[in-house]
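Structure record follows, encoded as structure tokens.
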Amino acid sequence: MLKCPVRLILLLAILIMTDIPVCGQTISHFSIEQVYQLAQKNYPLIKQRDLIAKASDYSVSNAAKGYLPTLVINGQATYQSTVTSFPFTVPVPGFTLPTYSKDQYRVYGEIDQVVFDGGAIKNQKQTARVNGIIQEQNLEVTLYALYDRVNQLFFGTLLINEQLKQNDLLKQDILNGISKAKALVANGTAYRSSVDELEAQLLQAQQAMVELKAGKKAYLSMLSLFINSPLDESCILDKPAPPAYTDDRVTRPELLAYDLQKRNYDLQRQMLNIQLLPKFGFFAQGGYGRPGLNSLNNNFAWYYMGGLKLSWNFGSLYTLKNQRQILGIDKTSLDVQKETFLFNTTLTQKQQQADIEKYNDLFKQDNAIIALRESVKKAASAQLENGVLSAHDYINQVNAEDQARQNLILHQIELLQSQYNYQNTIGNIKNQ
């Protein structure tokens, strides 16, 4: 008889301890910081981060293999129109002049070992690492754009939540008016049309509630896709505190991406200088052919040789100056892009700062307006109860107070969203 309750208690304990953020089963709270983290963690593009890291490791590993010896197998078969011949035929005792065949053959293998390459392999490894870091940083830039989209959905949901609360207050005021109007009708001091007008206004408030709930459902549905967690009306999005303004400097991930790209251009310029340096190495060659290394023997023979190899290519001198000019133009263009980004970001900062100041000022005035509207509404309620005010005029006063409160709600959320948008603009989101 006790097994079922015990199991139920254990199940509840497990759910409480695991704190599974699934709405509908238990009421879950989501802070905006948690939503930021979940959005980045579950965004499909995040899978590319591991692919970039692996590709970078492979590129560095391939560049490092340049220090390993290389083996080349070559072969050739030729037919010559003429071969080496001797112009004299005087016999020499014990010595026979060779006769060379016009068809000659050679198959050989050669092993080369780099000793000095001027730093080309080292440069290739550095370039591979920097390219990998650039791709990762570009990914960070893309993921950072998620913050703005999350802000729109998160604060949009908060706004609807507050509007739903105000909708409940509005319906209470209308119901209060209906109750008083019915009492007047019962006493014969008011017409039934007064009650009908108030009830029609109540239906309009209920319609507004339906629209608000539908909008909230749409916002939560989109937000659930970002965080890969089901959200419904039982979920609670915690209203965040205003962010602390500690530093207005721009620290966006785009700036690091520009700097990394300039580092890549520096490596390319370094490679131009490396191409002008001589290359040293060891080589060993062994093969089989006719003739071999013995020029006095026309028979097939094995042979081998080894030694040092020097190569010095001056062909890059022709284009060196132009290549340096191209890299200089690319770096200058990158500086212009960075300057343009900072300029546009500064413009956005100024606009958002103006919005924050505007909403702060409106917020202060909203409270004064609400106090006056509430006083007028209370007087109108008393006048309606005494039969000296029509239901239509009462509705006007109720709607005026409702609009004042709606403005306050809107300005509060817009102020908070503007503050977080500003943090996003300067790159301070992760520090919150």
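The values are calculated or read from the model by the stated rules, or taken from the named source; none is laboratory data. In this text the structure is predicted, and so the values were computed from the model without any measurement. In this analysis, Cβ positions are derived from the backbone assuming ideal geometry, glycine residues included, and neighbour counts consider all displayed protein chains. Heads up: the accessible areas ignore ligands, DNA and RNA and are worked out on the full protein's heavy atoms, side chains in. Shrake-Rupley method; radii C 1.70, N 1.55, O 1.52, S 1.80 Å.
Contact annotation: residue pairs with Cβ atoms under 8 Å, 6 or more positions apart or on different chains, pairing a residue in region 292-315 that is under 14 Å from Ser101 (Cβ atoms) and hydroxyl-bearing (Ser, Thr, Tyr) with a partner that is modelled with pLDDT under 85 and open to solvent by 80 Å² or more (accessible area, probe 1.4 Å), are Ser295/Thr84. Across region 128-147, the qualifying residues are those that are open to solvent by less than 30 Å² (accessible area, probe 1.4 Å) and farther than 30 Å from Val35 by Cβ, and the one among them that is nearest to the chain's Cα centre (by Cα) is Val130.
Could you tell me whether region 344-355 includes any residue that is exposed (fewer than 13 other Cβ atoms within 10 Å of the Cβ) and either of a type in the set (Asp, Glu) or modelled with pLDDT under 90 (or both)? Scanning region 344-355, I find no residue that is exposed (fewer than 13 other Cβ atoms within 10 Å of the Cβ) and either of a type in the set (Asp, Glu) or modelled with pLDDT under 90 (or both), so the answer is no.
Take the conditions (1) surrounded by 15 or more Cβ atoms within 10 Å (Cβ to Cβ); (2) at pLDDT 90 or above; (3) in contact with a Phe, Trp or Tyr (Cβ under 8 Å, 6 or more places away or on another chain); Leu237 misses just one of them, which is (2).
Go through region 291-308 and count every residue that is in contact with a Lys or Arg (Cβ under 8 Å, 6 or more places away or on another chain) and part of a strand (DSSP E or B).
Here is the first cut: in region 291-308, the residues in contact with a Lys or Arg (Cβ under 8 Å, 6 or more places away or on another chain) are 298-301.
Adding the requirement that they be part of a strand (DSSP E or B) leaves 301.
Total meeting the criteria: 1.
For region 148-177, the set of residues classified as within 15 Å of His392 (Cα to Cα) and surrounded by fewer than 19 Cβ atoms within 10 Å (Cβ to Cβ) consists of Leu175, Asn176, listed by residue number.
If only residues of region 62-79 that are part of a strand (DSSP E or B) and of a type in the set (Ser, Thr, Tyr) are counted, the one that is farthest from Gln113 (Cα to Cα) is Tyr79.
Per-residue answers, yes or no, for (1) among the polar types (S, T, N, Q); (2) modelled with pLDDT of 90 or more; (3) exposed (fewer than 15 other Cβ atoms within 10 Å of the Cβ); (4) assigned to a helix (DSSP H, G or I):
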{"residue": "Leu220", "(1), (2), (3), (4)": "no, yes, no, yes"}
{"residue": "Ser229", "(1), (2), (3), (4)": "yes, no, no, no"}
{"residue": "Asp232", "(1), (2), (3), (4)": "no, no, yes, no"}
{"residue": "Pro243", "(1), (2), (3), (4)": "no, no, no, no"}
{"residue": "Arg249", "(1), (2), (3), (4)": "no, no, yes, no"}
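Say we look at region 19-42 and pick out the residues that are open to solvent by 60 Å² or more (accessible area, probe 1.4 Å) and out of contact with any strand residue (DSSP E or B) (no Cβ under 8 Å at 6 or more places or on another chain); which of these is modelled with the lowest pLDDT? Quick ask: steps written out before the conclusion?
The initial filter retains those residues of region 19-42 that are open to solvent by 60 Å² or more (accessible area, probe 1.4 Å), namely 19-21, 25-27, 29, 33-34, 37, 41.
When the remaining residues are screened for being out of contact with any strand residue (DSSP E or B) (no Cβ under 8 Å at 6 or more places or on another chain), the result is 19-20, 25-26, 33-34, 37, 41.
On the way: Asp19: 43, Ile20: 40, Gln25: 50, Thr26: 51, Glu33: 90, Gln34: 89, Gln37: 89, Lys41: 87.
Out of the qualifying residues, it is Ile20.
Name the one entry in Ser333, Ser381 that is of a type in the set (S, T, N, Q), open to solvent by less than 70 Å² (accessible area, probe 1.4 Å), outside any loop (DSSP other than H, G, I, E, B) and touching a residue at least 12 places away in the same chain (Cβ under 8 Å). The unique qualifying residue is Ser381. Could you check, for region 394-405, whether at least one of its residues is in a loop (DSSP other than H, G, I, E, B) and open to solvent by less than 60 Å² (accessible area, probe 1.4 Å)? Among the residues of region 394-405, not one is in a loop (DSSP other than H, G, I, E, B) and open to solvent by less than 60 Å² (accessible area, probe 1.4 Å), which makes the answer no.
Within the option set Leu416, Leu389, Leu384, being at pLDDT 90 or above and among the hydrophobic types (A, V, I, L, M, F, W, C) holds for one residue only, Leu416. Suppose we keep only residues that are open to solvent by less than 80 Å² (accessible area, probe 1.4 Å), over 45 Å from the mean Cα position of the chain (by Cα) and among the hydroxyl-bearing types (Ser, Thr, Tyr) within region 267-325. Which one would you say is nearest to Gly66 (Cα to Cα)? Checked region 267-325; the qualifying residue nearest to Gly66 (Cα to Cα) is Ser311.
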